[in-house]
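The values are calculated or read from the model by the stated rules, or taken from the named source; none is laboratory data. Here the structure is a predicted model, which means the values were calculated and not measured. Here the Cβ positions follow ideal geometry from the backbone for every residue, glycine too, while neighbour counts run over all protein chains shown. For the accessible areas, the whole protein counts, side chains as well, though only heavy atoms, and no ligand, DNA or RNA atoms are used. Shrake-Rupley method; radii C 1.70, N 1.55, O 1.52, S 1.80 Å.
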Amino acid sequence: MQTSKSRRRFIRDLSLGSLSLAPALSSLASCAGATSQKKNGLGIALVGLGGYAGGQLAPALQQTKNCYLAGIVTGTPAKEKIWSDKYNIPQKNIYNYETFDKIADNPDIDIVYVVLPVAMHKEYTIRAAKAGKHVICEKPMAVSSADCQEMIDACKNAGKMLSIGYRLHFEPYNMEMMRLGQQKVFGKIQKLDAKNGFVYGGDPNAWRLKKALAGGGGLMDMGVYCIQGVRYTTGEEPLTVKAREEKLRPELFKEVDETVYWEMKFPSGAIARCKSSYNANDNNLRADAENGWFELSEAYRYGGMAGATSKGKMDFPQINQQAAQMDDFANCIVQKKPTIVPGEMGLQDIKIVEAIYRSIASGKEENV
Ligand code: NAD
């Protein structure tokens with residue numbers, strides 16, 4: 001029997017693409033009870049049926065109330081039948097990367113959810129907007145801030161909404177960090193610590209290790225959670241960053257960063273120390289304030305969240321984060337109100353990432 005920890009690790013490895021396609025397909029095929037197609041709310045088409053789409057988003061779309069899995073876009077013909085059988089997706093709602101633009105003529109699809117390697121986010125976000133669809137784009141938003149801006153502009157020009165897959169804004173433990181920090185419940189925050197990483201043991205040829213497809217390594221993939229965490233805990237934007245890189249397996253991380261340490265200074269004087277890694281199992285977010293501390297020891301996972309403050313243990317429900325995130329976006333579209341996780345938020349994270357890479361190169365503190 002799998003322990004919940006090993007199951008979590010399996011799910012994480014799957015979502016991080018560190019397992020090969022074969023187990024991803026077989027886990028999809030064997031996942032029970034997922035055939036109950038709902039037709040309520042807005043239709044979502046997932047673009048890119050890899051670990052995260054198959055392991056998290058499609059199952060979450062069986063629990064959503066405001067949206068449902070209406071279509072898929074895949075370059076792998078074998079996945080068409082598996083997904084259409086499993087999720088009861090009609091042939092007319094199945095596209096490949098060549099036929100994708102025809103989605104414009106499909107009234108079943110309201111939202112396109114881009115779940116591709118990072119360098120492909122821009123193209124598919126812009127094509128979706130041009131096809132008249134609202135877009136959710138996975139994190140990190142794109143490989144450069146210039147690309148992020150183009151994506152924002154394309155959605156604005158098309159009159160469509162753009163949000164980033166920042167599921168933790170809908171997760172109760174992380175929402176508590178926002179409340180405690182932004183409302184200064186323990187007084188002014190003086191320092192923060194945020195670490196996120198895992199030991200990469202996957203395919204040495206995976207897209208995550210290729211700069212052209214991933215844009216960067218652990219910093220882009222895992223570090224954005226730390227950047228997000230300290231931004232939403234303080235409610236402030238960092239002014240400067242100072243960073244350094246560490247590479248213990250250069251043969252694997254030929255093109256992208258393995259471990260990055262960085263410090264960020266905030267206008268209030270708070271200082272955040274962060275670490276992203278493909279070579280250490282870290283997962284925490286902590287703030288030390290004038291009158292106490294608050295911390296998540298399981299901060300960024302899909303479940304099993306845990307936290308405490310200097311007054312005691314946190315106790316909140318464990319929810320399906322992706323379902324909450326997608327339901328909120330569908331609701332924003334229907335209610336015509338802005339999303340709390342817009343493209344601009346993804347752009348700001350990439351600007352910070354770029355400042356961190358500049359600091360690694362210069363060895364100096366850099367302005368964001
Ligand atoms: P994955 O490798 O498991 O899946 C990527 C998919 O893209 C595959 O279906 C693959 O066939 C397809 N693809 C199309 N063109 C490709 C190409 N040229 N090279 C490689 N793959 C190509 O990756 P994933 O873990 O599902 O990640 C996809 C996106 O989702 C990434 O942006 C990632 O950062 C994001 N993600 C987010 C979370 C989260 O918690 N929000 C978790 C995991 C992944």
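Candidates Ala324, Ala361: the one that is out of contact with any strand residue (DSSP E or B) (no Cβ under 9 Å at 6 or more places or on another chain), of a type outside the set (Ser, Thr, Tyr), more than 30 Å from Asp110 (Cα to Cα) and open to solvent by 20 Å² or more (accessible area, probe 1.4 Å) is Ala361. Taken together, the residues in the stretch 190-216 that are more than 12 Å from the ligand (Cβ to nearest atom) and either acidic (Asp, Glu) or buried (at least 18 other Cβ atoms within 10 Å of the Cβ) (or both) amount to 6.
Of all residues in the stretch 80-113, those satisfying the criterion of being within 12 Å of the ligand (Cβ to nearest atom) and open to solvent by less than 20 Å² (accessible area, probe 1.4 Å) are Trp83, Phe100, Tyr113.
If you go through the stretch 114-122 one residue at a time, do you hit one that is within 16 Å of the ligand (Cβ to nearest atom), basic (Lys, Arg) and either outside the structural domain of Ile44 (by TED's automatic domain parsing) or more than 25 Å from Gly215 (Cβ to Cβ) (or both)? The answer is no; no qualifying residue exists. A residue that is more than 27 Å from Ile356 (Cα to Cα), open to solvent by less than 50 Å² (accessible area, probe 1.4 Å) and more than 10 Å from the ligand (Cβ to nearest atom) occurs somewhere in the stretch 134-145. Restricted to the stretch 66-79, and to residues there that are open to solvent by 10 Å² or more (accessible area, probe 1.4 Å) and hydroxyl-bearing (Ser, Thr, Tyr), the residue that is farthest from the ligand (Cβ to nearest atom) is Tyr68.
Screening the candidates Met314, Met264, Met222 for the property of being modelled with pLDDT of 95 or more and open to solvent by less than 10 Å² (accessible area, probe 1.4 Å) yields one hit, Met264. Among the residues of the stretch 271-294, not one is among the β-branched types (Val, Ile, Thr) and open to solvent by less than 20 Å² (accessible area, probe 1.4 Å). Could you check the stretch 42-62 and list, in sequence order, the residues that are more than 16 Å from the ligand (Cβ to nearest atom) and open to solvent by 10 Å² or more (accessible area, probe 1.4 Å)? Within the stretch 42-62, Leu42, Gln62 meet the criteria. Only one entry of Tyr232, Tyr166, Tyr173 meets the criterion of being within 12 Å of the ligand (Cβ to nearest atom), under 23 Å from Met314 (Cβ atoms) and among the hydroxyl-bearing types (Ser, Thr, Tyr), and that entry is Tyr166. A search for C-beta distances below 7 Å between a residue of the stretch 46-72 that is farther than 22 Å from Lys92 by Cβ and in contact (Cβ under 8 Å) with a residue 60 or more places away in the chain and any residue that is assigned to a strand (DSSP E or B) and away from the ligand (no atom under 14 Å from the Cβ), counting only pairs 6+ apart in sequence or on different chains, returns Asn66/Leu42. Which one of the conditions (1) open to solvent by 20 Å² or more (accessible area, probe 1.4 Å); (2) over 28 Å from Lys210 (Cβ atoms) does Arg301 fail to meet, given that it meets all the rest? The number of the failed condition is (2).
Scanning the stretch 148-175 for residues that are open to solvent by 30 Å² or more (accessible area, probe 1.4 Å) and more than 17 Å from the chain's Cα centre (by Cα) turns up Gln149, Glu150, Asp153, Lys156, Asn157, Ala158, Gly159, Lys160, Met161.
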